[in-house]
Every structure is written in structure tokens, then in C-alpha cells.
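Engineer: To start, I am sharing the structure in question, which I have written as C-alpha cells.
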Amino acid sequence: MLNFKTGYLIIMVIFIITQITYSQEKKIPDYSTTPRKDVPNEYKWKIEDIYPNYDAWKKDKENLLGLINQVDLLSKEWTATPQKMLAMFVLTDKISLKSGRLYNYGKRQYDMDMSNSQLSLMKGEIQAIQVNINSKLSFINNDILKMPDETIAKYIKEEPGLEPYKFTIEQIARARKHILPEEQEKLISLTGLYNPSIADAASILNDVDIPSPEITLSTGKKLALNYANYYSNRSAKDPNDRSLVMRTFWDNHKKYENTLAALFDGGMKQHLFTAKARNFNSCLEARLFNDNIDTTVYVMLIDAVQKNLSPLHRYLKLKQQLLGLDKFRYDDIYASSVKSVDKLYSYDEAKKIVLESLKPLGTDYTNIINKAFNEGWVDIYPNKDKESGAYSEGIYDIHPYVKMNYTGEYDNVSTLAHELGHAMHSYLSSKSQPYANSNYTTFIAEIASTFNENLLMEYMLKNELDDMFKLFILDNYLSGARATIYRQTLFADFELAMHRRVEEGQSLTADWLDKLYLDLTRKYYGHDNGVVQVDDYIQCEWGNVPHFFLNFYVFQYSTGMIASMALTQKVLSGEKGAVEKYLGMLKAGASDYSIKLLQNAGVDMTSVDPYYAAFKRFDNLVGEMEKIVKRLKAAGRL
């Protein structure tokens, strides 16, 4: 008979062998060098749900051109009766729906096979048609502005079919002093032919034309330091490698900063042109007007973050300790604090984990997630010439499409949860709203995605047994929160200063941009307080942030995550009605202004409360990390 110790040892040996075998057998399919056509269909999204084939796409393109031709006929005295007004709105919806479907058919396929010139032409062809549509429909706003409010109210009362367009009409009427006469509106719409050129030029310079310097890592590996290699190696385990990658990349970039500064100057002045042409007091006011967001919300974000840098600094100090560094430099920002975690999840495992983590939102929500997994919404693995990264794109009368490049790391599991949050927002909005109110604003777009990330993190912390992996999960989450809340607010701060400078009649120069960016980076990362040493080389990092050309876009990443953290805590704490209110916001689409939709869900972004709640949660999670570190040290694992 085996004694207890012998039996225990045998069980442990079997367990270890099983774990090793399991680890070796767990292979993630690799199609990264496989042509798109050879990837098994079970791993690809169902593009045929949009059109069965190219011929059907081509036929529908002709139908679109026919619809566009109807505009001239219906536009004559289209506001004379409520019935004529409804007919015009119905026509514009049909045009928008069809052009969107046509574009998505080409774009979704192009992203899967970027070397395919036919797909590129299809995408470009519809883009050109869309510019023509915008120009052709430019009379609509102007004609509505000529209508007395009493007439509009009378029409909506007499014709129930106009009810879905009530909010759209209200938004147009609200903008009376900012909408120009018809001929001027046509001219403004035509700027769409060249407006993207400045941003495109900056992107081509950054991603294509700047030569990639060659470096040699401590392993002896030689590396051409393009952005992809910079991105993947800036978190290298060897601190000397991290420093070499960061400093070489940005020192090389600095050689081109005068050209980038000229492009940024043009881009910000492009925003200023639009603001002035439409009679706004500032670029920020112009950008926030359509969604009825007061500029104080933007300023409040920057002020709140600057007053709550201590949780970030506490986290970075802990990161320095875990990395075993005498001095924490900006070079080390992207390094993982947890060095020894090596864990992969098969895609099936990722699906199960995501579904379990989302259970607090109810069975209706998880049932739709199952539809996404089982009905061809997700494109899973990388393939040859597939676009990198991940996204979700909703198509109103079909379903969302989720692009992944799944490789098995925990970060991929988190990305899957994130993108499915976007997909659910699109799906619920489309199912609950008429087309006119289905396209939710950017201001709330990142809430559903980061909400799902929050639920995943909380689920993993509750169910993961290994402290080392818990530490990894927390570091992964807080690293993302650092990048989303603090870093994006730094960008928002920088962007506001750029716009204010051109509004004052000044130009953006490389020297001015360098100094501003370096000063802000040092402020946010605690350079003068000994938290992070921020050296001069990072001063030109501004030149490689394409979002600055999107006109006050980045602040919404910060506000989105802050709002989602507040909403997540309401749901997980069991607050009465929290789930219903949250899902109600997702279903509401763009049926009201974003600030109001969030208030209905229980979060008021015009007050400081959600901001300070987010910083408190961030600080508490750093405290959880510190407790785990203490336990791991006591166990001799750190």
C-alpha cells in the first residue's frame, strides 16, 4: 500500500506531466503566411452576409446611382408638405444605407487582403460616390433652417412617419447660425476631396517614407526599426534593448520633425478654417457643438487628471520595484512588470472566458455574444496581407463585423472582449432604433468596449488562483488604463494648446511643439518628483500621433473609460436598475445627446464625481497589486 507521501508525489508527477503535455499540445493555428483564400472558412467572417458575390455588389452600386438621381426630382419643394419631407428623409436613408453596405463590402475584404488592387478600387469608388452624395444633399440643412419652428412641430404632429427624424431636425435647427447658405455649403462639402491629404501625407511619411534605422539587440539580432518593430520591441525584457529601441526610433524621427510640424500646422489650421467658416468661437467649440457637449467637460477632464496624478505615480513606482530598476526611465514605460508569465488561451477558451465574464449583463446579452461566435461575425486569425490590429464595424441592416488577429495571449482575450463590446453597442442600437438614430457618437463609443474589459478583469481576479498571473492581469489592466486615461489626456492637453496657438494667429514650429510635448510629458509622469526620468529624446513623439488630425478625438478615449469604470462598479455592486440603465444607453443609439444618455445610465460627465471615482478605483487596484507583491515575496516567488 502506498503511503501518503509516495502517493502525493506520484500524483504531483502525473499532474506536472499532464500540464507539460497540455501546454505543448495547446497550439494556436498560424495562418500568418497563408493567402486569404486558403484560410478555412470556419475562422473567417461571413462577408457573403453583405453581398453573395461581386456581381451582386456591382448591381447594387447601379441601384445606388439610380437612388441618387431621384434626389433632384424629390428636392423640388420637398418641405412644402410633411409627406414630401418624409419622402426625402426616407430616400436619404436608403442612399446612406446602400452606400454604407457597398463600402463595407469592399473595405472589410480589403482589410483581409490589402494586396488586392480590385478591393482597393472598389473601396475608393464608393468613397468618391459618397463625396458626391454629401455635395448633392447639402441643400437639406439649409432648407430646414428656412422653416419656422412652428411649421416643423406641425409637420411632425401631422405625419407620424417624421417622428424618427425629430432629433435630427432638432440638431439642424439648433445649428442655425453655423450652417451656411446652400452654395457655400456645397463649397464646404467639396473640401472633402482634399481635406484628408494632410493627414495622409503625415501617415505616409511616418509609416513609409522615413527610413528605418538598423539596430542590434543584446541577443545579436539585427532589426530594421520600422514602427511595427519599434512597437513590438519597446517592451523588451532587457532594459538596454528598450532604451536602444526607444532612443534610436525617436532620434531618427527627429530628423523629419520640421516636415511633420508643417503638416501639423496645416492640419490644425484646417480645423480653424472650418470653425471660423461656421462662426464658432474656437476649434474646440466647433468640434463639440454637434453633440451638445460644453467645452467645460474637456477642460474638466484635463484639470481632474492633473490633480490626480498620484495614483499613476504610485503605479509607476511599483512598476519600477517589480522591474528591479534603480531609476525608472521613460524607456521602461512599456515593459511588463511581470516577467515570468507564459500562458496561452485557445480561441475556444477565450470565448468561454469572455462569456463567463459578461454574465453580470444577463442572458439576453450573452446569447447575442454567442450569435457573434457562431454566425460568422468574427474574423479570428492573422493571414497573409491582413491588416494588423482589431476593430468592430456595425452594419445596420446586417450585423457587426469583428476583426481579430488572435495569437493566444491574455491581451488577445481582453481585445476580444473589447471589440465585442463595440459590436454589442452597434447590434443593440440597430435593433432598437430606426436608422436615423442608430449611429451612436464617438463620445460614448469607447464605453461599451472598456466596460467589457472591466468585467473581464474583475472576473479573472475573482477566479484566477495563481497570484503571479493575478499580478500580470492587474498590471495589464492598469497599463491600459494609464494609456487610455492619463496618456490620452496628455494628448488632449497638447492638442488644445496646438489649436489655441493657431487661433492666436501663430504657426506651429518643431521647436515649439517639442518644448510643449516634453514639458507636458514630464509633468504627467512626475519627472521633477523623481517618478519617471523623461529625457529629451521623447520630445518629438507628437509627430507620430495620427489622431491629432481627427480634431479633438483623443479626449473621448479618456472620458469613455472613466464613464465605463463608474458604470461597471454600479453593475457589480448590484445597484438596483444598473444593468437595465446601462443596456438602455446601448439601445438608445444616437436618439439623444451623449451627455443626456449617460446621465440616464447613471453617470454625469459634467460633474467631477465619475472622474474622481475612476482615480479612486485605479488607486485601489494599485493597492491590490501591492498586496499580491507582498504575498509573492513572502512565498519567495519575487
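Engineer: If L621 satisfies every condition in (1) surrounded by 17 or more Cβ atoms within 10 Å (Cβ to Cβ); (2) assigned to a loop (DSSP other than H, G, I, E, B) but one, which is the exception?
Structural biologist: The single condition L621 does not satisfy is (2).
Engineer: For the structure I just gave you, tell me whether Y105 is at pLDDT below 95, part of a helix (DSSP H, G or I) and within 35 Å of the chain's Cα centre (by Cα).
Structural biologist: Criteria not met by Y105.
Engineer: Any residue at all in segment 504-525 that is modelled with pLDDT of 95 or more, touching a strand residue (DSSP E or B) at 6+ places or on another chain (Cβ under 8 Å) and among the aliphatic types (A, V, I, L, M)?
Structural biologist: Looking for residues that are modelled with pLDDT of 95 or more, touching a strand residue (DSSP E or B) at 6+ places or on another chain (Cβ under 8 Å) and among the aliphatic types (A, V, I, L, M), one finds none in segment 504-525, hence no.
Engineer: I'd like the full set of residues that are among the β-branched types (V, I, T) and farther than 19 Å from Q171 by Cβ, limited to segment 282-302.
Structural biologist: Matches in segment 282-302: T296, V299, I302.
Engineer: Is it true that some residue in segment 292-311 is farther than 26 Å from M498 by Cβ, crowded, with 17+ Cβ neighbours inside 10 Å and over 22 Å from the mean Cα position of the chain (by Cα)?
Structural biologist: For segment 292-311, residues farther than 26 Å from M498 by Cβ, crowded, with 17+ Cβ neighbours inside 10 Å and over 22 Å from the mean Cα position of the chain (by Cα): present.
Engineer: Hey, another quick one. Of the residues G543, G602, G530, G574, only one is buried (at least 23 other Cβ atoms within 10 Å of the Cβ) and out of contact with any strand residue (DSSP E or B) (no Cβ under 9 Å at 6 or more places or on another chain); which?
Structural biologist: G543
Engineer: Can you tell me which residue is modelled with the highest pLDDT among those in segment 433-456 that are surrounded by fewer than 19 Cβ atoms within 10 Å (Cβ to Cβ) and among the β-branched types (V, I, T)?
Structural biologist: Across segment 433-456, the extreme among qualifying residues is T441.
Engineer: Being over 24 Å from D291 (Cα atoms), surrounded by fewer than 18 Cβ atoms within 10 Å (Cβ to Cβ) and out of contact with any Pro (no Cβ under 8 Å at 6 or more places or on another chain) is the requirement here; does S120 meet it?
Structural biologist: yes
Engineer: Further question: Which one of the conditions (1) modelled with pLDDT of 85 or more; (2) assigned to a helix (DSSP H, G or I) does K186 fail to meet, given that it meets all the rest?
Structural biologist: Evaluating K186 over (1) modelled with pLDDT of 85 or more; (2) assigned to a helix (DSSP H, G or I) leaves (1) as the failure.
Engineer: Let me ask something additional. Sort out which residues of segment 192-203 are more than 21 Å from the chain's Cα centre (by Cα) and in a helix (DSSP H, G or I), and write them in order of number.
Structural biologist: Matches in segment 192-203: G192, L193, S197, I198, A201.
Engineer: Residue under question is K351, and the condition is that it be within 30 Å of D93 (Cα to Cα), among the basic types (K, R) and modelled with pLDDT of 95 or more; does it hold?
Structural biologist: Spelling it out, it is not the case that K351 is within 30 Å of D93 (Cα to Cα), among the basic types (K, R) and modelled with pLDDT of 95 or more.
Engineer: Quick one: is T407 surrounded by 17 or more Cβ atoms within 10 Å (Cβ to Cβ) and hydroxyl-bearing (S, T, Y)?
Structural biologist: For T407, the condition - surrounded by 17 or more Cβ atoms within 10 Å (Cβ to Cβ) and hydroxyl-bearing (S, T, Y) - is not met.
So that you can scan it fast, the table gives a plain yes or no per residue for (1) within 23 Å of Q569 (Cβ to Cβ); (2) not hydroxyl-bearing (S, T, Y):
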site: K384; (1), (2): no, yes
site: E387; (1), (2): no, yes
site: E393; (1), (2): no, yes
site: D397; (1), (2): no, yes
site: M460; (1), (2): yes, yes
site: Y477; (1), (2): yes, no
site: A481; (1), (2): yes, yes
site: R500; (1), (2): no, yes
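Engineer: Among what's in segment 504-527 and is touching a residue at least 60 places away in the same chain (Cβ under 8 Å) and buried (at least 18 other Cβ atoms within 10 Å of the Cβ), pick the residue that is farthest from H271 (Cα to Cα).
Structural biologist: Step by step, filter segment 504-527, then rank; the result is G526.
Engineer: Among the residues that make up segment 37-49, is at least one of them of a type in the set (S, T, N, Q), modelled with pLDDT of 95 or more and surrounded by 12 or more Cβ atoms within 10 Å (Cβ to Cβ)?
Structural biologist: no
Engineer: So, A497, is that one under 20 Å from I293 (Cβ atoms) and surrounded by fewer than 20 Cβ atoms within 10 Å (Cβ to Cβ) or not?
Structural biologist: yes
Engineer: Return only the number of the condition from (1) out of contact with any Phe, Trp or Tyr (no Cβ under 6 Å at 6 or more places or on another chain); (2) of a type in the set (D, E); (3) over 30 Å from L597 (Cβ atoms); (4) touching a residue at least 24 places away in the same chain (Cβ under 8 Å) that D200 does not satisfy.
Structural biologist: Of the numbered conditions (1) out of contact with any Phe, Trp or Tyr (no Cβ under 6 Å at 6 or more places or on another chain); (2) of a type in the set (D, E); (3) over 30 Å from L597 (Cβ atoms); (4) touching a residue at least 24 places away in the same chain (Cβ under 8 Å), the odd one out for D200 is (4).
Engineer: Those residues that are in a helix (DSSP H, G or I) and of a type in the set (S, T, Y), I need them from segment 124-159; list them, please.
Structural biologist: S135, T151, Y155
Engineer: Continuing with this model, one more query. Starting from segment 159-180, take each residue that is under 16 Å from D149 (Cα atoms) and in contact (Cβ under 8 Å) with a residue 24 or more places away in the chain and list its partners that are assigned to a helix (DSSP H, G or I) and among the hydroxyl-bearing types (S, T, Y), counting only C-beta distances under 7 angstrom and pairs at least six apart or across chains.
Structural biologist: Every condition considered, the pairs that remain are L162/Y155.
Engineer: Within segment 388-413, which residues are in a loop (DSSP other than H, G, I, E, B) and hydrophobic (A, V, I, L, M, F, W, C)?
Structural biologist: A390, I395, I398, M404 - these are the residues of segment 388-413 that are in a loop (DSSP other than H, G, I, E, B) and hydrophobic (A, V, I, L, M, F, W, C).
Engineer: Now for a different question. I need a count of the residues in segment 369-394 that are surrounded by 20 or more Cβ atoms within 10 Å (Cβ to Cβ) and either closer than 22 Å to N439 by Cβ or in contact with a Cys (Cβ under 8 Å, 6 or more places away or on another chain) (or both).
Structural biologist: Going through segment 369-394 one residue at a time, the tally reaches 6.
Engineer: Being farther than 22 Å from W542 by Cβ and assigned to a loop (DSSP other than H, G, I, E, B) is the filter here, so list the residues in segment 208-259 that pass it.
Structural biologist: Selection gives L217, S218, T219, G220, K221, A236, K237, D238.
Engineer: Run S430 past the list (1) modelled with pLDDT of 95 or more; (2) in contact with a helix residue (DSSP H, G or I) (Cβ under 8 Å, 6 or more places away or on another chain) and report the number of the one that doesn't hold.
Structural biologist: Among (1) modelled with pLDDT of 95 or more; (2) in contact with a helix residue (DSSP H, G or I) (Cβ under 8 Å, 6 or more places away or on another chain), the lone unmet condition for S430 is (2).
Engineer: Quick test for you: out of Y477, Y459, pick the one residue that is part of a helix (DSSP H, G or I), crowded, with 21+ Cβ neighbours inside 10 Å and touching a helix residue (DSSP H, G or I) at 6+ places or on another chain (Cβ under 7 Å).
Structural biologist: It is Y477.
Engineer: Restricting attention to segment 325-344, which residues are buried (at least 20 other Cβ atoms within 10 Å of the Cβ), in a loop (DSSP other than H, G, I, E, B) and either at pLDDT 95 or above or polar (S, T, N, Q) (or both)?
Structural biologist: Those that are buried (at least 20 other Cβ atoms within 10 Å of the Cβ), in a loop (DSSP other than H, G, I, E, B) and either at pLDDT 95 or above or polar (S, T, N, Q) (or both): F328, I333, S337.
The values are calculated or read from the model by the stated rules, or taken from the named source; none is laboratory data. If you're wondering where the values come from, they're calculated on a predicted model, not measured in any experiment. Note that each Cβ is placed from the backbone with ideal geometry, even for glycine, and that neighbours are counted across all protein chains shown.
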